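Everything below concerns the one structure shown next.
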Amino acid sequence: MYRIWVEISLDQLAANYHAVRKVVGPGVAVAPVLKADAYRHGSVEVAHRLQEEGAHWLAVSNAEEGVVLRESGIRMRILVMGDFLPPERDALVEYSLTPVIHSLERLKEYDRLAQSVDRILPCHLKIDTGMGRLGVRSTCEELRAAAASAHHLHLEGLMTHFASAADFTTAQTTDQIVLFETAAHSLGQAGIQPALRHLGSSAAVAYGIRSAFGTMVRPGLAIYGYVTPSKGDAPPTELKVRPALTWKSRLVEIKEIPEGASVGYGATWQARRRTRLGIVAAGYADGIPHAVSNRGHVIVDGYLAPIVGAVSMDLITVDLTEVPPARIGDTVILLGRAGDVKWDADDIAAAGGTISYTVLCGIGNRVKRVYT
Ligand SMILES: *Cc1c(COP(=O)(O)O)cnc(C)c1O
């Protein structure tokens, strides 16, 4: 019996993967993104299930994340998307990880490394079309020249990443697609035609931005069952995904406080009536954002119960006055749904002024994982 745990449905993850495949169609590869321990769903378990489901590619952030998957027996192609530092390069080769290259100097260095081990190594090249983070910002001529002289590299992929894919009030995504196509066309004129051209992640798939599908997409969030809320005039989403993770804890104490009594650090909440409080074994050390103090909810016995007072390190306090049946030891849903009552990562993010990604990635190490 755990105090705090997540239940992860691998069947739902598999269904989400197939939902993405259905939207993009058979001509487009899907590379699920498993960085940050698969958004805390457990990268090894998620990778093995996706391998069984027939995925050919996975993407991670750094070499170490790729090594963990290889050592667990994953045979799929693994794309390492974050920049890699010189000490990580040997692991790329040793573990057959495919790097994304982010500058023309890096391309040259990786070419020399390939030459030194006497191999032709596959790699993908990232173009910075407006994200302003990783990626090459060279002219088409420089790009062509560098790619043409990397004799020991097999440039099998060309990619970019969108800054505002769910925002339909701006033309940024369209502009980024045009820049990407220009670079791809220019390389093509030099006879360099990477088979994998990938631009879009979850938002591009969810909102059906077909010109961003290329020949591969890189969904992360959608695999875990979420879609970033859109801004502006978004097309209706075609993607049918559902959250795969439910986060649970328990009521460790129930007690009554009189009208006027305060709750928690800083006494930020006062009881306006006689109040029945529940103390829940979950705090910011487990990943409950401090920002949901006095703003969040949990689900107890099918009822939404408000979080009252400040979130502390190991505990939160909730108002159970309207939840008649609650007993000590009862399960509390911190994130998930019970029947029609929902309180998921989007709701927590809205209450805490953040995004669903940080809620999922913030789930702490102390939280046990159970696969269903
Ligand atoms: C994280 C990441 C993704 C996945 O993004 P989602 O919005 O979670 O689908 C795709 N590509 C790159 C380069 C990323 O860093």
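The values are calculated or read from the model by the stated rules, or taken from the named source; none is laboratory data. It should be emphasised that the depicted structure is a prediction, and the values quoted were computed from it without experimental measurement. A quick note on method: Cβ atoms are made from the backbone with ideal geometry, for glycine too, and the neighbour counts reach across all protein chains shown. In case anyone asks, the SASA skips ligands and DNA or RNA and just uses the protein heavy atoms, side chains included. Shrake-Rupley method; radii C 1.70, N 1.55, O 1.52, S 1.80 Å.
Numbers for the structure displayed
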| item | result |
| --- | --- |
| Verdict on Glu65 being away from the ligand (no atom under 16 Å from the Cβ) and either surrounded by 21 or more Cβ atoms within 10 Å (Cβ to Cβ) or within 20 Å of Ser202 (Cβ to Cβ) (or both) | no |
| Filter pass, Arg210 being within 30 Å of Val136 (Cβ to Cβ), of a type in the set (Lys, Arg), surrounded by fewer than 20 Cβ atoms within 10 Å (Cβ to Cβ) and free of Cβ contacts under 8 Å to residues at least 60 places away in the same chain | yes |
| Residue check, Ser186 more than 24 Å from Ile78 (Cβ to Cβ), open to solvent by less than 60 Å² (accessible area, probe 1.4 Å) and not basic (Lys, Arg) | yes |
| Top-ranked residue in the stretch 127-171 [being without any contact (Cβ under 8 Å) to a residue 40 or more places away in the chain and within 21 Å of the chain's Cα centre (by Cα); ranked as farthest from Val80 (Cα to Cα)] | Ser164 |
| Selection count where residues are under 15 Å from Val367 (Cβ atoms), without any contact (Cβ under 8 Å) to a residue 40 or more places away in the chain and acidic (Asp, Glu), scope the stretch 278-323 | 1 |
| Selected residue (only one of Gly54, Gly25, Gly42 is at positive phi and not assigned by TED's automatic domain parsing to the domain that holds Met159) | Gly25 |
| Count of residues meeting criterion [more than 14 Å from the ligand (Cβ to nearest atom) and either open to solvent by 50 Å² or more (accessible area, probe 1.4 Å) or not in a loop (DSSP other than H, G, I, E, B) (or both)] in the stretch 191-205 | 3 |
| Some residue of the stretch 136-144 being more than 16 Å from the ligand (Cβ to nearest atom) and surrounded by 19 or more Cβ atoms within 10 Å (Cβ to Cβ) | yes |
| Count of residues meeting criterion [within 16 Å of the ligand (Cβ to nearest atom) and more than 14 Å from Ala212 (Cα to Cα)] in the stretch 145-166 | 1 |
| Search result, residues across the stretch 32-62 that are more than 12 Å from Tyr17 (Cα to Cα), in a helix (DSSP H, G or I) and within 16 Å of the ligand (Cβ to nearest atom) | Lys35, Ala36, Asp37, Ala38, Tyr39, Arg40, Ser43 |
| Residue check, Ala222 under 20 Å from the mean Cα position of the chain (by Cα) and open to solvent by less than 60 Å² (accessible area, probe 1.4 Å) | yes |
| Output for the stretch 77-103, where each listed residue is away from the ligand (no atom under 16 Å from the Cβ) and either open to solvent by 10 Å² or more (accessible area, probe 1.4 Å) or within 15 Å of Leu155 (Cα to Cα) (or both) | Leu85, Pro86, Pro87, Glu88, Arg89, Asp90, Ala91, Val93, Glu94, Tyr95, Ser96 |
| Strands (runs of 3 or more DSSP E) fully within the stretch 226-328 counting 3 or more residues that are open to solvent by 60 Å² or more (accessible area, probe 1.4 Å) | 245-257 |
| Test: residue in the stretch 104-117 that is buried (at least 19 other Cβ atoms within 10 Å of the Cβ) and not in a helix (DSSP H, G or I) | no |
| Single residue of Leu58, Leu50 found to be closer than 26 Å to Leu335 by Cα and touching a Pro at 6+ places or on another chain (Cβ under 7 Å) | Leu50 |
| Residues that are of a type in the set (Val, Ile, Thr) and out of contact with any Lys or Arg (no Cβ under 8 Å at 6 or more places or on another chain), drawn from the stretch 329-366 | Val341, Ile348, Thr354, Ile355, Thr358, Val359 |
| Residues (in contact with a Ser or Thr (Cβ under 8 Å, 6 or more places away or on another chain), part of a helix (DSSP H, G or I) and within 17 Å of Val136 (Cα to Cα)) located in the stretch 152-182 | Asp175, Gln176, Ile177, Leu179, Phe180 |
| Considering residues of the stretch 222-265 that are touching a helix residue (DSSP H, G or I) at 6+ places or on another chain (Cβ under 7 Å) and of a type in the set (S, T, N, Q) only, the residue farthest from the ligand (Cβ to nearest atom) | Thr237 |
